[in-house]
Each structure stands twice: as C-alpha cells, then as structure tokens.
Amino acid sequence: MITRDPDAFARFAQTVPADAPACPKAVFLVAPEGFALACESASDNRYMDLQRVVDAPRALAQHRGLHRALAASLPAICFAGDPATPDAVFPNNVFASAPGRVLIARMRHPVRQREAQREDIRGFFTGTLGYALHDLRERPGVGELTGSMVIDRARRIGFCGLSERCDEAGAAAMHAAFDLRATLLFDLAPGEYHANVVLSVLAGRAVSICADGFADPGVPAAIGALYPHAIFLDAAERAAFAGNCIAPTADAVWMSQTAADTLRPARRAGFERAGFAVRSVPLDEIEKAGGSLRCCVGEIY
C-alpha cells in the first residue's frame with residue numbers, strides 16, 4: 001500500500017505484526033574530512049546559513065566523539081571522508097539498508113550525487129556483507145532514503161515526507177527497495193527538506209513528532225495515534241534538532257547535545273516513560289551544515 005490517506009494507512013498499519021528487527025545490528029558513519037557548507041544544499045535547507053564560519057577540525061573532533069559514543073552500544077563503522085563531498089557527513093541520505101539489501105539514492109543535488117559513486121561503501125555492503133544492490137539512480141524520481149523516508153522497521157511501514165528532496169516517483173522506488181508493507185505519503189511544511197528532521201520512529205514502540213513540520217496537521221496526529229508513546233516536540237525543539245533523533249538500540253534515544261539541552265522536562269519524561277535514556281554528544285559544528293545526529297548515522301539491518 002502507498003497512500004496519502006492517513007486513515008486508510010492507520011487501518012492497515014494496525015493489522016501489521018511487529019515481526020522484524022526494530023533496531024539495526026550495526027551503524028555506519030562517514031567522517032567530515034574537509035568539512036564545509038555546500039551552496040547547493042543550502043538552496044533548499046533552511047537550517048543552513050552560508051554566512052556562518054565552520055571549524056573543520058572541530059567538526060571532525062565532534063564526529064569522532066559521536067563514533068566513540070555509539071561504538072560503546074553497538075558496532076559502529078566509520079568510512080573515510082572526502083573534501084570533494086562536503087555533505088558526506090550525512091550518509092543516511094545516500095546509502096541505506098534493509099535485510100540483505102543495500103540501497104543507493106537518486107539525490108537531488110549534484111554535490112550529493114557524487115557521494116553515490118563511492119565504491120568503498122557499496123563494496124562493503126555487496127562484497128563484505130553479500131547484500132543485493134538496489135541502485136535507485138536507475139529508477140525515476142528523487143528520494144533521499146532515510147532522510148525522506150522514516151521507517152518503522154519492526155512493522156515494515158514507512159512515513160515519507162515529500163519536498164524538493166523527494167517526489168512521489170522516488171517514494172515509490174524507495175517503498176519497493178526497502179520492501180515495505182505500506183507507506184504513507186505526506187507533504188512537509190514549506191521550508192522543510194527531510195522528514196527525519198521532524199519525525200522519528202524509535203525502536204518500533206514510540207514516535208517523536210514536530211507537528212509544525214507537516215503541511216497537514218492531521219497527519220502527525222494520525223501518526224502519533226499509532227504508537228503507545230508519542231512525544232510531540234515544539235518549534236524551538238525542532239529548530240534545535242531534537243526531532244532528528246534515533247534509537248539504534250532499544251534502551252536509548254540519541255540526539256545532539258544542543259537538542260538534549262533544549263528538551264522540555266515533559267518531553268524528556270516522555271522519552272523515559274517509553275523506556276529510553278536520552279543520550280547526547282556535542283555536534284553543534286556539524287549542525288551548521290543543516291543536519292544533526294540522526295542524519296550522521298546510517299543503519300545496517
């Protein structure tokens with residue numbers, strides 16, 4: 001099922017068993033070598049400001065801190081960066097996986113399209129892990145993988161935010177490549193570029209939602225009703241990237257230090273009621289590029 005009807009989607013989703021792994025078996029990152037702001041990416045990312053000065057060594061140090069912190073919880077692989085691809089610090093948009101499959105995205109901007117040409121990441125999945133390749137550059141449409149498509153892995157259902165970075169053809173290609181049972185399509189609010197900045201499914205049992213990031217307020221309400229724990233974040237928390245969070249293990253939700261510091265006490269308590277400790281690392285230098293912790297983390301299923 002691929003639909004824009006949240007009620008029809010909800011009726012179907014309520015019948016779907018949670019019979020797949022809810023969390024990844026490992027994660028991967030790409031180091032921010034030669035970290036810089038990409039003008040093309042800034043054209044449709046309101047979280048970027050090209051007037052800001054970036055400190056590349058500080059970004060690299062913060063990224064190493066993220067790698068070390070994640071590696072204490074599950075296997076975490078970091079690929080070398082490339083100064084020719086300054087946005088490569090956000091690999092989850094370009095490379096993603098489902099059990100036995102690796103996906104390569106058809107990206108919107110040429111600066112991101114260059115990332116998809118990397119043979120090392122592709123070879124790791126296809127050669128080392130033996131995954132089948134699903135190269136979406138061969139399909140119509142634009143779809144920036146787990147930036148645009150937020151997935152409940154346990155139920156194999158997707159929530160796809162449409163914007164300049166993802167159209168309906170791209171959403172259909174991702175739906176098939178991720179082998180999803182159902183995908184809900186919705187328009188993001190003007191100025192939003194990726195669904196994973198305003199929505200996250202956490203270990204299949206909770207969801208964090210920035211309702212102001214959706215064009216239709218009925219959609220986040222319908223998504224929240226699907227889960228026993230729904231944490232609704234406000235505009236200030238969204239702007240601090242609290243919505244760009246991830247639960248790589250069943251017991252913790254990860255976000256940047258700036259995001260964690262901005263969380264209202266009620267929201268922190270909501271994560272804790274859902275069984276998650278809130279963990280964070282400083283990423284404010286990397287956040288100048290318009291993404292945060294979840295964007296830095298690719299998942300291996």
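No lab work stands behind these numbers, since they all come straight from the coordinates. All values derive from a computational prediction rather than experimental measurement. Quick reminder, even Gly has a Cβ in these numbers, built from the backbone with ideal geometry, and neighbours come from all protein chains shown.
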Derived scalar couplings ³J(HN,Hα) [region 76-93; Karplus, 6.51 cos²θ - 1.76 cosθ + 1.60; whole Hz; x for Gly, Pro]: 9, 9, 10, 8, 5, x, 9, x, 6, 10, x, 8, 5, 5, 10, x, 5, 6
Beta bridges by DSSP in region 72-191, antiparallel share as percent, to the nearest 5: 50 percent
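Among DSSP beta bridges whose residues both lie in the chain, state the antiparallel percentage, nearest 5. Working shown, then result.
Details: 21 of 47 bridges.
For the chain, the DSSP antiparallel bridge percentage is about 45.
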Per-selection Kirkwood Rh - region 129-256 (Cα, Å, 1 d.p.): 14.8 Å
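So for region 82-152, what are the equivalent ellipsoid semi-axes in whole Å, largest first, each being the square root of 5 times an eigenvalue of the Cα gyration tensor?
Numbers: eigenvalues 63, 46, 25 Å².
Semi-axes (√(5λ), whole Å): 18, 15, 11.
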Packing-based exposure ordering (other Cβ within 10 Å, fewest first) of D261, D82: D261, D82
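Arranged by the count of other C-beta atoms within 10 angstrom, fewest first, what order do I246, I77 take? Please list the in-between numbers first.
Values: I246 28, I77 15.
With the sparsest Cβ surroundings first, the list reads I77, I246.
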For region 66-134: relative contact order, % (alpha-carbon pairs under 8 angstrom, 6 or more apart): 27 percent
Taking the convex hull of Cα positions in the chain, its mean projected area over all directions (nm²): 13.2 nm²
Calculated [θ] (222 nm, deg cm²/dmol) that DSSP helices of n ≥ 4 give over the chain, each run adding -39,500 (n - 2.57): -6500 deg cm²/dmol
The chain: relative contact order in percent, alpha carbon pairs under 8 Å with at least 6 residues between: 24 percent
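May I have the convex hull volume per residue, in Å³, for the Cα set of region 193-249? Don't skip to the end; give the middle numbers.
Details: hull volume 4.0 nm³, N = 57.
Hull volume normalised by residue count: 70 Å³.
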Rounded to whole Hz, the Karplus (6.51, -1.76, 1.60) HN-Hα couplings of region 136-149, x for glycine and proline: 6, 5, 8, 10, x, x, 10, x, 9, 6, 7, x, 8, 10
Fraction of beta bridges assigned by DSSP in region 57-143 that are antiparallel (%, nearest 5): 55 percent
Mean Cα-pair separation over length for region 194-257, i.e. relative contact order, pairs under 8 Å, 6 or more apart, %: 36 percent
Per-residue ³J(HN,Hα) for region 225-233, Karplus 6.51 cos²θ - 1.76 cosθ + 1.60, θ = phi - 60°, Hz, x for Gly and Pro: 5, 7, 10, x, 10, 10, 9, 8, 9
Taking R181, R52, R264, R118 and counting other C-beta atoms within 10 Å, the order from fewest to most: R52, R264, R181, R118
